[in-house]
1. Sort out which residues of region 109-123 are modelled with pLDDT under 90 and either exposed (fewer than 11 other Cβ atoms within 10 Å of the Cβ) or of a type outside the set (A, V, I, L, M, F, W, C) (or both), and write them in order of number.
2. For region 147-176, how many residues are open to solvent by 30 Å² or more (accessible area, probe 1.4 Å) and not small (Gly, Ala, Ser)?
3. Sort out which residues of region 129-164 are closer than 16 Å to Arg183 by Cβ, of a type in the set (A, V, I, L, M) and part of a loop (DSSP other than H, G, I, E, B), and write them in order of number.
4. Here are some residues: Leu180, Leu198. Which one is aliphatic (A, V, I, L, M), closer than 15 Å to Leu107 by Cα, touching a Leu at 6+ places or on another chain (Cβ under 8 Å) and at pLDDT below 95?
5. Confirm whether Gly97 is under 24 Å from Glu28 (Cα atoms), free of Cβ contacts under 8 Å to residues at least 40 places away in the same chain, not acidic (Asp, Glu) and not in a strand (DSSP E or B).
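The values are calculated or read from the model by the stated rules, or taken from the named source; none is laboratory data. Quick caveat, the model's predicted, so the values are computed rather than measured. Every residue, glycine as well, gets a Cβ built from its backbone with ideal geometry; the counts of neighbours run over all protein chains shown. Protein only, heavy atoms only, side chains kept; ligands, DNA and RNA dropped before computing areas. Shrake-Rupley method; radii C 1.70, N 1.55, O 1.52, S 1.80 Å.
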Amino acid sequence: MKQPQLTDTLFDDFLQELPADFQEQAYELQAFARARKIRSPLQLLQLVLLYCGQDLSLRSCAGEVAKLQGYLSDTAVTKRLAACVVWIKSLLKRVFGLDKQINNGSLNFIVIDGSTVQEPGAKETTYRLHVAIDLMSLTLREVNVTTDKVGESLDHYQLTAGDVALVDRGYNQPKSLVPLIDRGGHVVLRYNPHSMTLYERCNEPKVLKSIGNSAYAI
């Protein structure tokens, strides 16, 4: 029997990238126990994508389920999503090869970005989140909260030797990049030529090398 779809979005191509046993793993890691309003691990994955991929609210996710399976509260959606954490992390590690040790622990790959938050009823941004995620373990390393007037910068994080900061073009700030490099850290960033000029000192290694629209520090 064909599984009822929670959305009209086709994600067959997405499923092709997942391990063949991703549904069996949902049972093994206790993300899915038995069929109720969510009738299969496949539908549970669709629910995860509604929330994390399409950025629907918990109530909207519950509404999508209710169209096909009947009423489901936003609290129930929260519980089901919380049960998926270990399962989804396991899938991501296998898809991206993070389940294999690739650097003997000598480097820590840290994904860094900022995001604004607007509280319900507010007309403007309420505050800004500065988040650092360990790419290898898929765990939060740091979360800092500031006013919306504080911009993105590596100065918000406690980065040390061996850390590789993976950042977007908003972090093209030599005043925060150079100190990290001096401490033995590394940077991989999307280069913005309007914010930072690449340069080379005479008879010394390059500080930054350009690779297309990205750059890496050495």
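1. Ser115, Thr116, Gln118, Glu119, Pro120, Gly121, Ala122, Lys123
2. 15
3. The answer is Leu159, Ala161.
4. Working: Leu198 fails: closer than 15 Å to Leu107 by Cα.
Sole residue among the options that is aliphatic (A, V, I, L, M), closer than 15 Å to Leu107 by Cα, touching a Leu at 6+ places or on another chain (Cβ under 8 Å) and at pLDDT below 95: Leu180.
5. yes
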